[in-house]
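> I have a structure I would like to understand better, so I am pasting it below and will then ask my questions one at a time.
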Amino acid sequence: MDFSYSPKVEQLRSELLAFFDQHIYPNEATYLEEVHANRARGNAWIPTTLIEDLKKHAQRQGLWNLFLPESTRAPQGLTNLEYAPLCEIMGRVLWAPEVFNCSAPDTGNMETIERYGTEAHKERWLEPLLAGAMRSAFLMTEPAVASSDAVNIQCSISRDGDSYIINGRKWFASGAGDPRCKLFIVMGKTNPDAPKHVQQSMILVPADTPGIKILRPLSVFGYDDAPHGHMEIELINVRVPVDNLLLGEGRGFEIAQGRLGPGRIHHCMRTIGVAELALELMCDRLKKRVAFGKRVADHTIWHERISESRCMIEQARLLTLKAAYMMDTVGNKEARAEIAMIKVVAPSMACKIIDWAIQAHGGAGVSQDFPLAAQYAGIRTLRLADGPDEVHHGTIARLELAKNSIRNFI
């Protein structure tokens, strides 16, 4: 496996780093100020003009839709391996991926429509998403059941002539708070009597369809993540055309596995960027502060933490690159062990480094003056999102147990 950057990736990486230096880092405070101002005026769910303006710069520079491979509608899309170092850079600032039209859940939803949608679906939904003209949400998790086991999903999708009628309640529908969110991809049961993994289907639901009610935004460690948001949504007799069903009845699990593989690894790529920034902030703080007569950086406990942080980041990056390489060469199904491993490793690694960085900053680490508290909230959530750690550990263990023993010992 060769993980060296191609000339194309080196060029894009250089351009992306320059874009961050010129447009992202100088505007971190500006972004927060705009969100806070909107909240103070009574509506936190207004898209920021800052991001909309920066999108135009990113498009002009060709830093747009880099995540989507092998699509005629996004010919600039890269392989997973090529995209990894760029996605890592984007992850360093929470809101930055949207600037490049590379943010979740839109990336996963675009991949879903590209892979499993009809030409009509692509013309109506994929093209506006690729243009950054609208946003979308993915409705899978439910409050009333343990959604870590997706066969528990209770949302019903019932055939009625030329329509499907949807009833259920979903939550943590990320992105649904944004007024630009025009499409929900909903997972529900079309046949509860079928074998358990073919009961579920996925369907495209316009966000303005009658019967959809956004009940409330859900906070994550007190953060509402406006204007993006994580919403609880009720669907009551929501009627959509039969043609909105993806692939066919009973194929929801098949679509979910195709969607969640890239989504999971993108999260891990961004997480490595978060960990790198946390380590940089930790080292900078330790060098600037004095305690007990010497720089905090000169206390040996911090040498060990810095060293461990660097080792963990490098290990996680290599595993991410391996998973990306396998997805590109043998496909998501054959790479499922590596995808599961990195989904466990990357968030746990970043949580530990962010926690050390918070400790290095003292009280400032949990304040709004540094991004560490918000980083921790976001990364800790990833140990639940797209499948909790326990599910991925189970996948890894089953694959190991299925291997034949090399030797028999008495």
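> Just give me the residues in region 318-344 being free of Cβ contacts under 8 Å to residues at least 24 places away in the same chain, under 18 Å from F67 (Cα atoms) and in a helix (DSSP H, G or I), in sequence order.
The answer is M326, T329.
> Just one of (1) of a type in the set (A, V, I, L, M); (2) over 25 Å from E254 (Cβ atoms); (3) surrounded by fewer than 18 Cβ atoms within 10 Å (Cβ to Cβ) trips up M312, so point out which.
Exception for M312: condition (3).
Residues checked against (1) among the aliphatic types (A, V, I, L, M); (2) modelled with pLDDT under 95; (3) within 29 Å of I153 (Cα to Cα):
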site	(1), (2), (3)
E304	no, no, no
A324	yes, no, no
G331	no, yes, yes
E334	no, yes, yes
V344	yes, no, yes
G387	no, yes, yes
K403	no, yes, no
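> For I339, work out the one condition from (1) in contact with a Gly (Cβ under 7 Å, 6 or more places away or on another chain); (2) within 17 Å of V220 (Cβ to Cβ) it doesn't fulfil.
(2)
> Pairs only if they're at least six apart or on different chains, beta carbon under 8 angstrom, first in region 377-397 and farther than 21 Å from S174 by Cα, second buried (at least 20 other Cβ atoms within 10 Å of the Cβ) and β-branched (V, I, T); list them, first residue then second.
H392/V344; H393/V344; I396/V344
> Which residues, counting only those in region 234-267, are buried (at least 16 other Cβ atoms within 10 Å of the Cβ), more than 13 Å from V186 (Cα to Cα) and of a type in the set (A, V, I, L, M, F, W, C)?
L247, L260, I265
> Counting just the residues of region 35-73 that are small (G, A, S) and either modelled with pLDDT of 95 or more or farther than 16 Å from L129 by Cβ (or both), which one comes out surrounded by the fewest Cβ atoms within 10 Å (Cβ to Cβ)?
Among those that are small (G, A, S) and either modelled with pLDDT of 95 or more or farther than 16 Å from L129 by Cβ (or both), it is G42.
Conditions tested, residue by residue: (1) farther than 22 Å from E15 by Cα; (2) in contact with a helix residue (DSSP H, G or I) (Cβ under 7 Å, 6 or more places away or on another chain); (3) in a loop (DSSP other than H, G, I, E, B); (4) not aliphatic (A, V, I, L, M).
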position	(1), (2), (3), (4)
A44	yes, yes, yes, no
E52	no, no, no, yes
H57	no, yes, no, yes
A74	no, yes, yes, no
L94	no, yes, yes, no
R115	yes, yes, no, yes
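The values are calculated or read from the model by the stated rules, or taken from the named source; none is laboratory data. All of these numbers come straight from a predicted model, not from anything done at the bench. So basically every Cβ, Gly included, is an ideal-geometry build from the backbone, and we count neighbours across all protein chains shown.
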